[in-house]
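Enquirer: There's a structure below that I have some questions on.
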């Protein structure tokens, strides 16, 4: 059973910490670019799918629930940023809206719920695959 610290930020010897932090930044940029190019006709679904798939992958690699949340949060924030940029609001207003209490709480709670579900699914799939692999491994005769 992993410790609470390992469940939240991954095991001590994990190389995934730096990779997942960079991946979250890339998810923000990808979500921003997708909505800039495609527009809002697709709705928020691609941002959610992008973040949830990343969170499930983080769960598969057991890289930490905090990073799964960060991935979903970044993709949802990228969607929100495009929304704000398209209103031609001043840059300071965009930043305040993104990091203000209301914006953080809305995206934070949504992304926390989605990240926990995706992380548990990814972690469970990894556990299931590994248990099937270990059960189906041929016995070595001496």
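The values are calculated or read from the model by the stated rules, or taken from the named source; none is laboratory data. Just so it is clear, the structure is predicted and the values come from calculations on it, not from any experiment. Positions of Cβ are backbone-derived with ideal geometry, glycine not excepted, and every protein chain shown enters the neighbour counts.
Enquirer: Out of curiosity, is residue 56 under 18 Å from residue 117 (Cα atoms), touching a helix residue (DSSP H, G or I) at 6+ places or on another chain (Cβ under 8 Å) and part of a loop (DSSP other than H, G, I, E, B)?
Expert: Taking the combined requirement at face value, the residue does not satisfy it.
Enquirer: I'm told residue 2 meets every condition in (1) modelled with pLDDT under 80; (2) assigned to a helix (DSSP H, G or I) except one. Can you identify the failing condition by its number?
Expert: Checking residue 2 against (1) modelled with pLDDT under 80; (2) assigned to a helix (DSSP H, G or I), the one that fails is (2).
Enquirer: Please verify whether residue 63 is touching a helix residue (DSSP H, G or I) at 6+ places or on another chain (Cβ under 7 Å) and either over 24 Å from residue 22 (Cβ atoms) or in a loop (DSSP other than H, G, I, E, B) (or both), treating the condition exactly as stated.
Expert: Numbers: touching a helix residue (DSSP H, G or I) at 6+ places or on another chain (Cβ under 7 Å): yes; either over 24 Å from residue 22 (Cβ atoms) or in a loop (DSSP other than H, G, I, E, B) (or both): yes.
Answer is yes for this residue.
Enquirer: Can you find a residue in segment 100-111 that is assigned to a helix (DSSP H, G or I), within 17 Å of residue 8 (Cβ to Cβ) and modelled with pLDDT of 85 or more?
Expert: Here is the first cut: in segment 100-111, the residues assigned to a helix (DSSP H, G or I) are 101-111.
Imposing the further condition that a residue be within 17 Å of residue 8 (Cβ to Cβ) reduces the set to 108, 111.
From the residues that got through so far, the ones that are modelled with pLDDT of 85 or more too are 108, 111.
Looking through segment 100-111, at least one residue is assigned to a helix (DSSP H, G or I), within 17 Å of residue 8 (Cβ to Cβ) and modelled with pLDDT of 85 or more.
Enquirer: Further question on the same structure: For segment 54-84, give me the residue count where each residue is closer than 9 Å to residue 122 by Cβ, surrounded by fewer than 22 Cβ atoms within 10 Å (Cβ to Cβ) and at pLDDT 90 or above.
Expert: Kept after step one, since they are closer than 9 Å to residue 122 by Cβ, are these residues of segment 54-84: 55-62, 68.
With surrounded by fewer than 22 Cβ atoms within 10 Å (Cβ to Cβ) added as a condition, the list becomes 57, 60-62.
So of that shortlist, the ones also at pLDDT 90 or above come out as 57, 60.
Of the residues in that region, 2 qualify.
Enquirer: May I ask you to say which residue of 37, 22, 82 is over 11 Å from the mean Cα position of the chain (by Cα), in a helix (DSSP H, G or I) and within 30 Å of residue 3 (Cβ to Cβ)? Before you say what the answer is, go through the steps one by one.
Expert: Details: 37 fails: within 30 Å of residue 3 (Cβ to Cβ); 82 fails: within 30 Å of residue 3 (Cβ to Cβ).
The conditions single out 22.
Enquirer: Now for a separate question. Could you check how many residues of segment 100-136 are surrounded by 15 or more Cβ atoms within 10 Å (Cβ to Cβ) and over 16 Å from the mean Cα position of the chain (by Cα)?
Expert: 2
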